[in-house]
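Enquirer: I have a structure here, written as structure tokens, and I will follow up with some questions on it.
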Amino acid sequence: MPGRLFLTTPLPEIAAFLGADAAGLAPDPPRHNIAPGQEVLVCPPDRRLTRMRWGLIPSGRVNARGRPVMETIVNARSGTVFSKTAFDGVARALVPADGWYEWTGQKRRKTPWRISRLDGRPLAFAAITDTWQGPGGIAVAQVAMVTCPPSGDVANIHDRMGVLLEPEQFEAWLTGDETAAQALMRPYPDGSLTVAEATDVDWSGA
């Protein structure tokens, strides 16, 4: 949808893939289990790589008592990302990864699946970003992936997938108008992804 990500490609190669600047950003060790709530690598419209918290708390939302709503949006549906008030004022970005994980089966007997490009190249997820202003002046840069219906490669695993973009589409997503961005929110081409059972991942941490 994606549920969790993995990223092991070195930072300079990711920067080259995104056409981005990684100056001043310390490289991460290989990450085989990136969960919501953790920091992920993000490429904003200025193409200067940064890190943000995966999970978006819609800015300005308050409950009946006037307290900030703490609900976290990890993935935003493509059909509502430009219309829901929860996403007012968000910016667009790319989140690179080597792939993601999904699960099938019954509770406590679920099977994890690793999904990646068939040719082994990195992936770029379409994403939205915002800064959550919390109590006491806390400011948290945050990101959520945009999802769409699944391609044929992953339809048996999940009924949604992240919107995946090619390098020639990056600029349209990052800086194009709403019409141009909406045209990109479609399933990845069939035959481009590989799905394999993930039996070698430590799910207890990243």
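Enquirer: Give the dimensionless ratio obtained when the Cα radius of gyration of the chain is divided by 2.2 N^0.38 Å. Don't skip to the end; give the middle numbers.
Expert: Details: Rg = 16.7 Å, N = 206, 2.2 N^0.38 = 16.7 Å.
In units of the globular-protein estimate, the chain measures up at 1.00.
Enquirer: Could you tell me what fraction of 2.2 N^0.38 Å the Cα radius of gyration of region 100-206 comes to, as a two-decimal ratio?
Expert: Numbers: Rg = 16.5 Å, N = 107, 2.2 N^0.38 = 13.0 Å.
Ratio of Cα Rg to 2.2 N^0.38 Å: 1.27.
Enquirer: Are there chymotrypsin sites (Phe, Trp or Tyr not before Pro) in region 138-206 that DSSP marks as loop and that have at most 16 other Cβ atoms within 10 Å, and which are they? Each step should come with its number before you reach the end.
Expert: On the way: sites: 170, 173, 203; in loops: 203.
Loop-located and lightly packed - 203.
Enquirer: Turning to a different aspect of this structure: Under a crude label model (7 Å from the Cα following the beta-carbon direction), how far is residue 177 from residue 200 in nanometres?
Expert: Each label point lies 7 Å from its Cα, and together they span 4.9 nm.
Enquirer: What is the extension gain from residue 140 to residue 111, computed as 0.36 nm multiplied by their sequence separation minus the C-alpha to C-alpha distance, in nm to one decimal?
Expert: Values: separation 29, 0.36 × 29 = 10.44 nm, distance 3.34 nm.
Extra length available between residue 140 and residue 111 comes to 7.1 nm.
Enquirer: Just to confirm a number: summing +1 for Lys and Arg and -1 for Asp and Glu over residues other than residue 115 whose beta-carbon lies under 13 angstrom from that of residue 115, what do you get?
Expert: Here the charged neighbours net out to 0.
Enquirer: So for the chain: antiparallel DSSP bridges make up what percent, rounded to the nearest 5? Working shown, then result.
Expert: Details: 40 of 46 bridges.
Roughly 85 percent of the DSSP beta bridges within the chain come out antiparallel.
Read the figures in this text as sums done on the coordinates, not as results from a lab. None of these values were measured; they are calculated from a predicted model. Cβ: placed from backbone, ideal geometry, glycine included. Neighbour counts: every protein chain shown.
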